[in-house]
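Just below is one structure, and these are the notes that go with it.
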Amino acid sequence: MLETLTVQDSVELAVVERSGFVESRHAGAAVVLSPDGEIVARHGNADALILPRSSLKPLQAIACITAGAVLEGEQLALSTASHVGTDRHASVVRDMLTEGGLTEDDLGCPASWPSDSATRDDLVREHGEPTRVRMNCSGKHAAMLRACVATGWPTAGYLDPAHPLQQHIRDVIERLTGEKIAHTAIDGCGAPVYAMTLTGLARSVHRIGTASDRSPFALHRVAGSLVRAVREHPWTIEGPGRPDTIAIEKLGVFTKHGAEGVMVMVAPNGTTVALKMLDGATRASTIVAATLLARAGGLNDADVATLADALPLRVLGGGVDVGVIRPGIGI
């Protein structure tokens, strides 16, 4: 059986400090690329296989656009999002479906309550129920369906790894990572997710994050347009007050977290980081990624400090700050 990095492959990436006592440690691996795409730092085994989970969404979104889906602005940004299901998110996803002659029933992702607590509370008071459009991956699924409609592929069964859409997505992923897919799994939303090395993921996201929407190459133009859409509409990628959205707003980065502690981040100058927390925790991923970019010269230390203040990193005791989640000694 294939597996991800081991404890022996990992280094300490973050710690949780309470009242001067380190009570938890997050181990994992990370790799940092220069603006030119060269590896400038490795922490742990960056060549171990990982499942990128939702950090794969930028690659899947690009594949959908190159397959024919015509999406711009907020809709394009939602195609790569793990959104929290606010009314604003749901409205854009519904528009993506309607403009393609589709309905919410065409979505293959499971029904879900919004993860935004205020929106969920409102729905409960209104006797609402979980719906597919509120699921955090609904934008990705809407983009997949739009690609099928544009190309003439059947929308039924669009999540099957053998479906022509998924075969096209797989081909694009291999082009961007420079690696052959090592293993195919099924993500939480029902779509295929592919095993790759952390280094391969970093290289693919570096290519996306440094692409120009004026490139003579179609794949690069699509990637550049996607990054610009996310930076112009940071609320789409996750939601107000959430780590990905905060990082984009504060630092101008292109970033995307994934389940099980995966994170990719590209600084405005192209410096790129990809990391995997071995325990699957996400609470420290954003600040660790930003810190690694700063140490490689991609971000300003003061800006990273400002980001840290805006993220939910404080450890509370009796309702007051008694500690912090911070990068560890392994980086």
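Rule-based calculations on the coordinates, nothing more; no lab input. Predicted model only: the values in this text are computed from it and were never measured. Backbone-built Cβ (ideal geometry, glycine too); neighbour counts: all protein chains shown.
Tabulated values for the structure
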item	result
Alpha-carbon centroid distance for the pair the range 206-230 / the range 166-190, whole angstrom	19 Å
Charge context of Gly323, other residues only, Cβ under 12 angstrom, K/R +1, D/E -1	0
Rounded, prolate or oblate (a/c below 1.5 giving rounded, otherwise prolate when a/b exceeds b/c) for the range 11-327 by Cα gyration tensor	oblate
Whole-number percent relative contact order across the chain, with pairs defined as alpha carbons under 8 Å at least 6 apart	25 percent
Distance (nanometres) between label positions extended 7 Å along Cα→Cβ at Thr103 and Ser19	5.8 nm
Alpha-carbon centroids, the range 233-260 and the range 38-54: separation in whole Å	21 Å
Over the range 165-284, volume per residue of the alpha carbon convex hull, in Å³	118 Å³
Filtered chymotrypsin sites (Phe, Trp or Tyr not before Pro), the range 155-232: DSSP coil and at most 12 other beta carbons within 10 Å	Phe217
FRET efficiency estimate (nearest 0.05) - Cβ-Cβ, Glu129 to Gln167, R0 41 angstrom	0.75
Karplus 3J(HN,Hα) series, Hz, for the range 116-130 with 6.51 cos²θ - 1.76 cosθ + 1.60 (x for Gly, Pro)	6, 5, 5, 5, 5, 4, 4, 5, 5, 5, 8, 6, x, 8, x
Local electrostatic count, Pro110, Cβ distance below 15 Å [Lys/Arg +1, Asp/Glu -1]	-2
The chain: calculated mean residue ellipticity at 222 nm from DSSP helix runs of at least 4, using -39500 (n - 2.57)	-11500 deg cm²/dmol
Within-13-Å neighbourhood charge of Ala63 [Cβ basis; K, R +1; D, E -1]	+3
Candidates Ser225, Ser112, Ser24: whichever shows maximal mean-square fluctuation once the chain is modelled as a Gaussian network with Cα springs under 10 Å	Ser24
Paramagnetic label zone (point 7 Å from Cα along Cα-to-C-beta, Asn269; backbone N under 15 Å) in the range 24-40	33-38, 40
For the chain: lysine pairs under 18 Å (alpha-carbon distance), excluding those fewer than 8 apart on one chain	6
